[in-house]
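K.L.:
One structure, pasted below without further comment.
The values are calculated or read from the model by the stated rules, or taken from the named source; none is laboratory data. What you see is a predicted model, and the numbers here were worked out from it, not measured in a lab. FYI the Cβ positions are ideal-geometry reconstructions off the backbone, even for glycines, and counts take in every protein chain you see. Heavy atoms of the whole protein, side chains included, go into the accessibility calculation; ligands, DNA and RNA do not. Shrake-Rupley method; radii C 1.70, N 1.55, O 1.52, S 1.80 Å.
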There are 2 protein chains.
Amino acid sequence: MPASERLGSHIKDAEHALTATKHAVLKPAGLTVPQYAALLQLAENPGIPAAALARACRVTAPTMNTILNNLQQRGLITRTPHPWHRNVLETRLTELGTQVMAEADEGAVRVERGLAAEFTDEERAQLISLLARCSAYLESVRPD
Amino acid sequence: MPASERLGSHIKDAEHALTATKHAVLKPAGLTVPQYAALLQLAENPGIPAAALARACRVTAPTMNTILNNLQQRGLITRTPHPWHRNVLETRLTELGTQVMAEADEGAVRVERGLAAEFTDEERAQLISLLARCSAYLESVRPD
DNA sequence: GAACATTAATTAGAGCTCTAATCCCCTGTC
DNA sequence: GACAGGGGATTAGAGCTCTAATTAATGTTC
């Protein structure tokens, strides 16, 4: 079965192009793509625990831990113990983090708007629907 | 701009589901997804240099070097100097590598066939076309 | 109250990924 | 022959990603 016949190849190609372009766009802000994803969730959900952040970004907790350590070293976030649940750390953007996030978001949103503008409303809905069916099927057949 | 409105999120979701399912399917053969991709190209192009292999798998040369080192340590491939161009290494599957590849390919192809079967011919063509337009746009706007 | 399960956080270890830099060989051109 | 350029291979270093295991706090069940 040649690679060009595999739907997976086309999905991977598009994701690869997406990540490469996002990476290039985020470079001026000094953020990686996963770092930007984490900051975006943090901006919308201040104080969210790292475990919930990991789920929102579709990565595992140790992965998010790695990303947050790098963000913390750069002073973009703070992690403080939750007053009630002492087991939980509240993660928040610093002032610097908010600034860097805003700068990065500008470029990222520009890419997303440009990409969306390549399609009609109907085409966009079709693409989202077809991709959702891919995800649903792939998850349904996953061993475990 | 919420994440659910971003086409990129849906592309990433599908790719994530694809990789996770492929990872699970390849586990019995003891191969990672990138290792399988490299072996698939090697099976179709015996003796291909690592640099060309990297291009075929859409990774950089150092990345492919990492993957090939792991495959070589497991005895699945050999890398021998090219008789004419002593600078080039010919990469080939070993007998064991061919066996492991065949075992892994069975599962991977089953996933691809099942995924393809979720769609009509027209839907499949639409999905491929829409994804290609995403890739083309994203590459066209990438800073460099 | 004691045993159990759940969830958060972290560490260890393997593997993938990139950019930047280096080294080497071959092939042009002069 | 000298020398520059292109392409293949490799190393160094940073970062992301996973699974597996550990530790701690919360909550449930008896």
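K.L.:
On the given criteria, is A:LEU26 touching a helix residue (DSSP H, G or I) at 6+ places or on another chain (Cβ under 8 Å), farther than 27 Å from A:GLU139 by Cβ, within 13 Å of DNA strand D (Cβ to nearest atom) and open to solvent by less than 30 Å² (accessible area, probe 1.4 Å)?
P.N.:
Numbers: touching a helix residue (DSSP H, G or I) at 6+ places or on another chain (Cβ under 8 Å): yes; farther than 27 Å from A:GLU139 by Cβ: yes; within 13 Å of DNA strand D (Cβ to nearest atom): yes; open to solvent by less than 30 Å² (accessible area, probe 1.4 Å): yes.
For A:LEU26, the condition - touching a helix residue (DSSP H, G or I) at 6+ places or on another chain (Cβ under 8 Å), farther than 27 Å from A:GLU139 by Cβ, within 13 Å of DNA strand D (Cβ to nearest atom) and open to solvent by less than 30 Å² (accessible area, probe 1.4 Å) - is met.
K.L.:
Here are A:ARG142, A:ARG74: which of them is under 28 Å from B:LYS27 (Cα atoms) and either charged (D, E, K, R) or open to solvent by 50 Å² or more (accessible area, probe 1.4 Å) (or both)?
P.N.:
A:ARG142
K.L.:
Which of the residues that make up segment B:118-139 are facing another protein chain (nearest Cβ under 9 Å) and among the small types (Gly, Ala, Ser)? Let's see the steps before the verdict.
P.N.:
Of all residues in segment B:118-139, those facing another protein chain (nearest Cβ under 9 Å) come to B:118-119, B:123-124, B:126-128, B:130-139.
Matches in segment B:118-139: B:ALA132, B:SER135, B:ALA136.
K.L.:
Sticking with this one: Restricting to segment B:90-114, count the residues that are hydrophobic (A, V, I, L, M, F, W, C) and either touching a Pro at 6+ places or on another chain (Cβ under 6 Å) or free of Cβ contacts under 8 Å to residues at least 40 places away in the same chain (or both).
P.N.:
Here is the first cut: in segment B:90-114, the ones hydrophobic (A, V, I, L, M, F, W, C) are B:93, B:96, B:100-102, B:104, B:108-109, B:111.
Then keep just the ones that are either touching a Pro at 6+ places or on another chain (Cβ under 6 Å) or free of Cβ contacts under 8 Å to residues at least 40 places away in the same chain (or both); that gives B:96, B:102, B:109.
Within segment B:90-114, residues that are hydrophobic (A, V, I, L, M, F, W, C) and either touching a Pro at 6+ places or on another chain (Cβ under 6 Å) or free of Cβ contacts under 8 Å to residues at least 40 places away in the same chain (or both) number 3.
K.L.:
Before we move on, is A:LEU31 within 16 Å of DNA strand D (Cβ to nearest atom) and either within 20 Å of B:VAL141 (Cα to Cα) or surrounded by 17 or more Cβ atoms within 10 Å (Cβ to Cβ) (or both)? Full working, then the answer.
P.N.:
Numbers: within 16 Å of DNA strand D (Cβ to nearest atom): yes; either within 20 Å of B:VAL141 (Cα to Cα) or surrounded by 17 or more Cβ atoms within 10 Å (Cβ to Cβ) (or both): yes.
Considered against the rule, which asks whether it is within 16 Å of DNA strand D (Cβ to nearest atom) and either within 20 Å of B:VAL141 (Cα to Cα) or surrounded by 17 or more Cβ atoms within 10 Å (Cβ to Cβ) (or both), A:LEU31 comes out as yes.
K.L.:
Taking helices (runs of 4 or more DSSP H) that fall entirely within segment B:1-90, which contain at least 2 residues that are basic (Lys, Arg)?
P.N.:
Working: elements: B:7-26, B:33-44, B:50-56, B:61-73.
Answer list for segment B:1-90: B:7-26.
For (1) within 9 Å of DNA strand D (Cβ to nearest atom); (2) loosely packed, with under 12 Cβ neighbours inside 10 Å; (3) not polar (S, T, N, Q), each residue gets a yes or a no:
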site: A:ILE67; (1), (2), (3): yes, no, yes
site: A:THR91; (1), (2), (3): no, no, no
site: A:THR94; (1), (2), (3): no, no, no
site: A:GLU118; (1), (2), (3): no, no, yes
site: A:ASP121; (1), (2), (3): no, yes, yes
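K.L.:
Tell me the residue from A:ALA125, A:ALA54, A:ALA116 that is in contact with a Ser or Thr (Cβ under 9 Å, 6 or more places away or on another chain) and among the small types (Gly, Ala, Ser), please. Walk me through how you get there before you give the answer.
P.N.:
Details: A:ALA125 fails: in contact with a Ser or Thr (Cβ under 9 Å, 6 or more places away or on another chain); A:ALA116 fails: in contact with a Ser or Thr (Cβ under 9 Å, 6 or more places away or on another chain).
Result: A:ALA54 is the single residue among A:ALA125, A:ALA54, A:ALA116 that is in contact with a Ser or Thr (Cβ under 9 Å, 6 or more places away or on another chain) and among the small types (Gly, Ala, Ser).
K.L.:
Within segment A:4-23, can you find the residues that are away from DNA strand D (no atom under 15 Å from the Cβ), without any contact (Cβ under 8 Å) to a residue 40 or more places away in the chain and at the interface with chain B (Cβ under 7 Å from one of its Cβ atoms)?
P.N.:
We begin by selecting, within segment A:4-23, every residue away from DNA strand D (no atom under 15 Å from the Cβ); these are A:4-11, A:13-14, A:17, A:21.
Adding the requirement that they be without any contact (Cβ under 8 Å) to a residue 40 or more places away in the chain leaves A:4-6, A:8-10, A:13-14, A:17.
Matches in segment A:4-23: A:ARG6, A:GLY8, A:HIS10, A:ASP13, A:ALA14, A:ALA17.
K.L.:
Considering (1) over 15 Å from the mean Cα position of the chain (by Cα); (2) crowded, with 21+ Cβ neighbours inside 10 Å, say which one B:SER4 fails and leave the rest.
P.N.:
Unmet condition: (2).
K.L.:
For segment A:58-98, name all the residues that are within 14 Å of chain B (Cβ to nearest Cβ) and more than 12 Å from DNA strand C (Cβ to nearest atom). Spell out the reasoning first.
P.N.:
Here is the first cut: in segment A:58-98, the residues within 14 Å of chain B (Cβ to nearest Cβ) are A:58-60, A:63.
Correct list: A:ARG58 only.
K.L.:
Can you name every residue in segment A:107-144 that is in a helix (DSSP H, G or I), modelled with pLDDT of 95 or more and charged (D, E, K, R)?
P.N.:
A:ARG110, A:GLU112, A:ARG113, A:ASP121, A:GLU122, A:GLU123, A:ARG124, A:ARG133
K.L.:
Checking B:GLY75 against (1) under 14 Å from B:ASP105 (Cα atoms); (2) more than 10 Å from DNA strand D (Cβ to nearest atom), which test does it fail?
P.N.:
The number of the failed condition is (1).
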